[in-house]
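Please treat every number below as a calculation from the coordinates, not as lab data. Treat the numbers as computed from the prediction; the structure is a model and nothing was measured. Note: ideal-geometry Cβ built from the backbone for every residue, glycine included; neighbour counts use all protein chains shown.
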Amino acid sequence: MRGAPGKAGGKPRNEVVAGRERKMTISELAREFGIAPSAIRYYEEVGLLSPHRDSPRSQRLYDDRDRARLKLILRGKRFGYSLSELADILALYDVDPTQEKQIVRTLEYGFQHIREIDERIEELLEIRGEMLEFAEAFLAMLERKEGKEGERREFVEAARKVIGELGAREWGTVSRPARGASAAGGSRAGSGKQGAGRGGRGSAGRISREG
């Protein structure tokens, strides 16, 4: 039996009692995960969380299930999962407590996002290489200019050093899921570019223009 609030030996309203799981307030849950309470309310509004209420006007209370769901939501958001994808994954847990279907669906979405990340990395590496090429071209134009030789020479030498350091940087090839695993990821298996390695070797390390 809970003690009266404010008295010696009393327990907070959301404390563990008689073997029952602890229920947390929205402030406590937000503080634990380092997010704003408004974010938790939003996840509730879109149906991803369903806190317990004794009455429509009573305080929201979140149990261990809500905490686990919020942890999955925040991790999924960090990995680029959409709210609809997260809702799909969470709904599978309700129909399959073994989590087997949930794990399969999580992997399917995950492989798709990994391929999208690989493609974006390659695009960024290509842009990086083009920027180095332009920097080299502009630096050459500056070297051909007349006037203020001493001041310009100092800048050109420093800029040349920066371009050399940036151009010499190595970028590893991005690993992709094995072909069998990719096939489980859906219809996009095997699609996309050949990885970020080409961008790293072919453009990021290139300073001068080809041809």
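Relative to the current alpha-carbon distance between Arg41 and Arg152, full extension at 0.36 nm per residue lengthens the span by 34.2 nm.
Ordering 122-130, 97-105, 75-83 by mean Cβ neighbour count within 10 Å, with the highest value first, yields 122-130, 75-83, 97-105.
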